[in-house]
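**Q** Below you will find the structure I want to go over with you.
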Amino acid sequence: MKVVVHMSEQTEKTYYVEGFSCAGCAGTFEKNVKNIRGVDHAEVNFAASKITVSGDVTVKQLEKAGAFEKLSVREDQSESPAPSPHFFSKYFRELLAAFFLIAAYTVLWTAGEPSIYTTGLFIAAILTGGTRLFITGLQNLTRATFDMRTLMTLAIIGASILGEWGEAAVVVILFAISEALEANSMNKARESIRTLFNMAPDRALVRRNGVEQEIASKEIIIGDTLLIKPGQKIPVDGEISLGNSSFNQAAITGESIPVQKGVGDEVFAGTLNEHGYVEVTASSTSSNTKLAKIIELVEKAQSEKAPSQHFVDRFAHYYTPAIIVVAVITAVFPPLLLGAEWSTWIYQGLAVLVVGCPCALVISTPVSIVTAIGNAAKNGVLIKGGVYLEQAGTIQTVAFDKTGTLTKGFPEVTDVHHYQGNPAENMAWITAIEKYSHHPLASAIVKKAESDSTNYNLPVEEFESMTGRGVMGQISGKTYYVGSPSLFHGHLDEDQLSLIEKWQAEGHTVIAAGTEEALHTLLASKDRVRKESREIVQRLHEIGINRTTMLTGDNKRTAQSLAEEIGITDYQAELLPEQKLEAIEEYRKKYGKIMMIGDGVNDAPALATADIGTSLGGAGTDTALETADIVFMKDDLSKLPFTIRLSRHTLSIIKQNITFSIGIKLVALLLVIPGWLTLWIAIFADMGATILVTLNSLRLLKHR
């Protein structure tokens, strides 16, 4: 848990780091920074490759703390990182060490026996390739810190003392290769976040105080007018003030299908203006855009440890010292108790140190979690931590809110029946009266009239809203009523009553319109089901989610009709927010872990109570980003099956990695019993496990 000490003179700042090769090195860097005078607290986010420091510190001091790993530090993510060195420059020591190793074995095989030349070349390989390893390992020994570098240092020193120069050199080279692979795999996983950073442009053309100028995006202030040409990206969030165009919102929603927008519509940083010229009034700064918040949440999520990672960390905490004890027992007991050769069993003990190195085990979970969360973010799914990523794969029940989740969230007029008067005239006066009402049903009627090109520009007098019943108004001296069918009680015949009952049974809301003397028109409106809802529910059932339920405040007949239409297995209707919470608790007791999907506002209690609270982000609304554990940035359910399958795939890979990492070490350790374990076998078992675990984790990048 991050603890920040609040002091008047204390500052907290985030720095971005290049060059981490392993999680253990990140931990060493964090300890070194904490020891800098003036630093009150430091916390490394290895997954996001950054460090947050509370206190007074300079970049030079931070780089000195990371000198053992040749880390480079910069203050701003938008700054260009130090150019990546050429392959030969980056791995010069390792390549030179490999050259010495190859030369040594060439001389050995040519001469047929060891000589001072082969020994010299092996020593050169060890010193060239293992300098940084030795420095860190010896520092760890003085601090009684036992990690993989400590184990390797002990093994190499021991092998050298025994005169096993060749095998000691091979251990150095292969360990260096293993670390390089680990570093590259983490960098590849981090690419998903770096691509998000690159979505927004660095510079923008703005009009400020009537003057057009090109400035850095981070200098944009709220209220600036942004001039966006076709093919350019939006630098900050804002509202279109001139023009219209289609925008590719892949950076926010994960969907590349362009969205048409015009004056008054909101646009987001990182989205691409496809064809039209638009002017946008900035509504945020570059550090406070929806994209920036998403990046911040994803980085935070990648640093949150999943349950399986907590297990690995606890296991490794006891595992490494235990390996040292086993190595000592292996080296000492057979000679002391059985009179065996000291050199043989000391060698076996050194091999135990190498094979016991927890590289593969330590990397097995974080690479999987970072890769999966990054992949989800690129596909428009914001998962706020490894714990939620893992839990999503164990969900047995999915609960949906109705309005705005399974449905579009607003009513539409679906049917109209006229009984008296001219149909066009009826719709004209009905709409003329309803346009003064703020009820959602009134908006549906106005939209219907506009889509039918109905002229409803009629003067309305004496407009009055009758709470819970409807509205009334006078047009040309005649009073008209629009509202509940109960307004016309006594004026409805059997056919009309039958039609009203039929519509209501189908989940429609019925609106009646007429005069004091007679009913003129019946209208049916309904909050239409999202076109993808039925398909998504069906896919959930296909992937093993046996129970889906709908929790709604709507009436039972509407809920029943909708549940049958979509294929949901269960529903509860006429619920208040606190009753939705109770329903979630009830389902959890009966059926196990449950995911709740809602709008992030009215459903907040239920979202908080569920094992996983999921919200439709509506292109990243602040409420959705803050309340839910998982957010679908595109305002539909199409990512739900993908998220559950990604979670299950991640869990499967983590289990495979942990099982394989521990299993291969146990098999190698069993070779100690007959005395067959060698440094060759040990290093290949350790490095092989690390390579396979890394490659297995990176499969998550291809999950679609």
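**Q** For GLY663, are the conditions met, namely being of a type outside the set (Phe, Trp, Tyr) and closer than 24 Å to PRO335 by Cα? Break it down into steps so the answer makes sense when it comes.
**A** Details: of a type outside the set (Phe, Trp, Tyr): yes; closer than 24 Å to PRO335 by Cα: no.
No; evaluated as a whole, the condition is false for this residue.
**Q** Also: If the requirement is being of a type in the set (A, V, I, L, M, F, W, C), in a helix (DSSP H, G or I), open to solvent by 10 Å² or more (accessible area, probe 1.4 Å) and in contact with a Gly (Cβ under 6 Å, 6 or more places away or on another chain), which of these qualifies: LEU651, LEU666, LEU695?
**A** Exactly one of LEU651, LEU666, LEU695 is of a type in the set (A, V, I, L, M, F, W, C), in a helix (DSSP H, G or I), open to solvent by 10 Å² or more (accessible area, probe 1.4 Å) and in contact with a Gly (Cβ under 6 Å, 6 or more places away or on another chain), namely LEU651.
**Q** If you don't mind, another one. May I ask you to verify whether ASP224 is closer than 17 Å to SER283 by Cα, modelled with pLDDT of 90 or more and out of contact with any helix residue (DSSP H, G or I) (no Cβ under 9 Å at 6 or more places or on another chain)?
**A** The answer is yes for ASP224.
**Q** Additional query: Please work out which residue is modelled with the highest pLDDT, limiting yourself to segment 80-94 and to residues that are loosely packed, with under 15 Cβ neighbours inside 10 Å, of a type outside the set (Ser, Thr, Tyr) and not in a loop (DSSP other than H, G, I, E, B).
**A** Restricting to residues being loosely packed, with under 15 Cβ neighbours inside 10 Å, of a type outside the set (Ser, Thr, Tyr) and not in a loop (DSSP other than H, G, I, E, B), the top hit is PHE92.
Here is a yes/no grid of residues against (1) touching a helix residue (DSSP H, G or I) at 6+ places or on another chain (Cβ under 6 Å); (2) open to solvent by less than 10 Å² (accessible area, probe 1.4 Å):
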{"residue": "GLY374", "(1), (2)": "yes, yes"}
{"residue": "GLY380", "(1), (2)": "yes, yes"}
{"residue": "GLY386", "(1), (2)": "yes, yes"}
{"residue": "PRO411", "(1), (2)": "yes, no"}
{"residue": "VAL416", "(1), (2)": "no, no"}
{"residue": "GLN420", "(1), (2)": "no, no"}
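**Q** Ok, one more. Filter segment 528-559 down to the residues that are within 24 Å of ASP415 (Cα to Cα), modelled with pLDDT of 85 or more and crowded, with 17+ Cβ neighbours inside 10 Å and list them by number.
**A** SER533 - this is the single residue of segment 528-559 that is within 24 Å of ASP415 (Cα to Cα), modelled with pLDDT of 85 or more and crowded, with 17+ Cβ neighbours inside 10 Å.
**Q** Kindly establish whether SER241 is of a type in the set (Ser, Thr, Tyr), over 30 Å from PHE99 (Cα atoms) and at pLDDT 90 or above.
**A** Spelling it out, SER241 is indeed of a type in the set (Ser, Thr, Tyr), over 30 Å from PHE99 (Cα atoms) and at pLDDT 90 or above.
**Q** How many of the residues in segment 528-557 are closer than 15 Å to TYR571 by Cβ and assigned to a strand (DSSP E or B)?
**A** Count: 6.
**Q** Name the residues in segment 571-599 that are under 23 Å from PRO641 (Cβ atoms), of a type outside the set (A, V, I, L, M) and in a strand (DSSP E or B), would you?
**A** Result: TYR571, GLY598.
Rundown of residues vs (1) modelled with pLDDT under 80; (2) closer than 30 Å to SER368 by Cβ, yes/no style:
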site	(1), (2)
THR11	yes, no
TYR15	no, yes
ALA26	yes, yes
LYS31	no, yes
ASN35	no, no
HIS41	no, yes
ASN45	yes, yes
SER54	no, no
SER78	yes, yes
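**Q** Out of all the residues in segment 407-459, which are within 15 Å of ILE475 (Cβ to Cβ), touching a strand residue (DSSP E or B) at 6+ places or on another chain (Cβ under 7 Å) and among the charged types (D, E, K, R)?
**A** Passing the criteria: only GLU434.
**Q** Additional query: With (1) among the acidic types (Asp, Glu); (2) farther than 29 Å from ILE445 by Cα; (3) in contact with a Ser or Thr (Cβ under 8 Å, 6 or more places away or on another chain) as the list, and GLU516 as the residue in question, which single condition is left unmet?
**A** (2)
**Q** Within the set of pairs 6+ apart or on separate chains, which have a first residue in segment 681-704 that is within 22 Å of ILE369 (Cβ to Cβ), a second that is charged (D, E, K, R), and C-beta atoms under 7 Å apart?
**A** Once the first residue is within 22 Å of ILE369 (Cβ to Cβ) and sits in segment 681-704, its partners that are charged (D, E, K, R) give THR690/GLU182; THR694/GLU182; LEU698/LYS188.
**Q** From the list VAL33, VAL73, pick out the single residue that is over 26 Å from the mean Cα position of the chain (by Cα) and β-branched (Val, Ile, Thr).
**A** Only one candidate passes the filter, namely VAL33.
**Q** Looking at this structure, is SER486 closer than 21 Å to ARG557 by Cα and surrounded by fewer than 20 Cβ atoms within 10 Å (Cβ to Cβ)? Let's see the steps before the verdict.
**A** Details: closer than 21 Å to ARG557 by Cα: yes; surrounded by fewer than 20 Cβ atoms within 10 Å (Cβ to Cβ): yes.
When the stated conditions are applied, SER486 passes them.
**Q** What pairs can you find where one residue is in segment 451-464 and under 14 Å from ILE430 (Cβ atoms) and open to solvent by 100 Å² or more (accessible area, probe 1.4 Å), the other is in a loop (DSSP other than H, G, I, E, B) and modelled with pLDDT of 90 or more, and their Cβ atoms are less than 7 Å apart, with a gap of 6+ or different chains?
**A** Sorted first by the residue in segment 451-464, then by its partner, the list stays empty.
**Q** If you don't mind, another one. Taking segment 337-352 only, how many residues are without any contact (Cβ under 8 Å) to a residue 60 or more places away in the chain and either out of contact with any helix residue (DSSP H, G or I) (no Cβ under 6 Å at 6 or more places or on another chain) or farther than 15 Å from LEU677 by Cβ (or both)?
**A** 5
The values are calculated or read from the model by the stated rules, or taken from the named source; none is laboratory data. Owing to the predicted nature of the structure, the values given are computational and were not obtained by experimental measurement. Cβ coordinates were reconstructed from backbone atoms using ideal geometry, including for glycine residues, and neighbour counts include every protein chain displayed. Side chains are part of the model used for accessible areas, which takes the heavy atoms of the whole protein and leaves out ligands, DNA and RNA. Shrake-Rupley method; radii C 1.70, N 1.55, O 1.52, S 1.80 Å.
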